[in-house]
Amino acid sequence: MKYKSEKDMYPDVCKWLENFLKDRFKKAHIEVYELSQKSISRFLSTYNKGNFPSEWVTWNIKVDVVGFVHHPNEPTDLVFVECKNTKLTLAHLSQLLGYSRIAQPFYSFLISPEGFSLTLVSLLQKYQRRDVLEYYWEAGKLPRQVVVAQWDMATANLNRHTMIGGTGI
């Protein structure tokens, strides 16, 4: 059964992301929100939680699902999930890369139950251009990369066999 719209994916994706983050950050407080209709800067202006860099006021970007990882006595990490209900394209990747370069989330996911377009899979697999997934470089660490994956509606989870990118996930 196919999702009727992208919006229909959000509840399943929110549940998955919350479980994913709680599993990885056991000592952190996790919150997940569907923000497809509200910019992150607008949301944060009333959120009153977390420790964010001062430039958050410029984050006039709308990401479908955003996770907040509140670490004790540390800055809050963001996690982005951009959902599509069509085959993932280079344009979709470019959109999320831009958002990720701006806000530097800890993880950034681009997902669709429909899989990848031929040009996207060709670029990433045939031509091995994984460098185009990178959005944040920190000295002495592997670069952060967008994770591109097919969403499995039956399990409400990422299809791990289709995942590309995301070093360390």
Checklist entry - Is there a pair in LYS15/LYS87; LYS4/LYS87; LYS15/LYS84; LYS2/LYS87 whose C-alpha atoms are over 24 Å apart, and which pairs would that be? => result none
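Give the peptides 138-147, 97-106 in descending order of average Cβ contacts within 10 Å, highest first. Please report the intermediate quantities before stating the final value.
Details: 138-147: 14.0, 97-106: 18.3.
Sorting 138-147, 97-106 by mean packing, highest first, produces 97-106, 138-147.
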Checklist outcome for this item: Semi-axes of the range 34-82 from the Cα gyration tensor (sqrt of 5 times each eigenvalue, largest first, whole Å) come to 17, 13, 9
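Which whole-number value in Å² is the accessible area per residue of the chain, probe 1.4 Å?
Values: 8990 Å² over 169 residues.
Dividing the accessible area of the chain by its residue count gives 53 Å².
Tell me which chymotrypsin sites (Phe, Trp or Tyr not before Pro) from the range 122-169 have a DSSP coil assignment and no more than 11 other beta carbons within 10 Å of their own. The partial results should precede the final answer.
On the way: sites: TYR127, TYR135, TYR136, TRP137, TRP151; in loops: TYR127, TRP137.
Loop-located and lightly packed - TYR127, TRP137.
Listed highest first by mean packing, meaning other Cβ atoms within 10 Å per residue, what order do 60-68, 38-46 come in? Walk me through the numbers before you get to the answer.
Details: 60-68: 21.1, 38-46: 15.3.
So the peptides 60-68, 38-46, ranked by packing, come out 60-68, 38-46.
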Checklist entry - What nm value, rounded to one decimal, do you get for the distance between ASN157 and ASP131 when each label is placed 7 Å out toward the C-beta? => result 3.5 nm
Checklist entry - Under 11 Å from the 7 Å Cα→Cβ point of GLU31, by amide nitrogen: which residues of the range 60-81? => result 68-70
Checklist outcome for this item: Once both label points are put 7 Å beyond Cα along the C-beta direction, the GLU55-LYS4 separation in nm becomes 4.1 nm
Checklist outcome for this item: Projected onto their principal axes, the Cα atoms of the chain stretch, largest extent first, over whole-Å spans of 43, 39, 30
Checklist entry - At 222 nm, what helix-only mean residue ellipticity would the chain give, in deg cm²/dmol to the nearest 500, using -39500 (n - 2.57) for each DSSP H run of four or more? => result -7000 deg cm²/dmol
Checklist outcome for this item: Between ARG24 and ARG101, the two model label points (7 Å from Cα along the beta-carbon direction) sit apart by a distance in nm of 2.2 nm
Item to check | Global geometry of the range 119-169, whether rounded, prolate or oblate, following the gyration tensor of its Cα atoms and the 1.5 cut on a/c | outcome: oblate
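The values are calculated or read from the model by the stated rules, or taken from the named source; none is laboratory data. Worth saying up front: this structure is predicted, and the values here are computed from it rather than measured. Glycine also receives a Cβ, built like all others from the backbone with ideal geometry; neighbour counts cover every protein chain displayed. Just the protein is used for accessible areas: all its heavy atoms, side chains included, with ligands, DNA and RNA removed. Shrake-Rupley method; radii C 1.70, N 1.55, O 1.52, S 1.80 Å.
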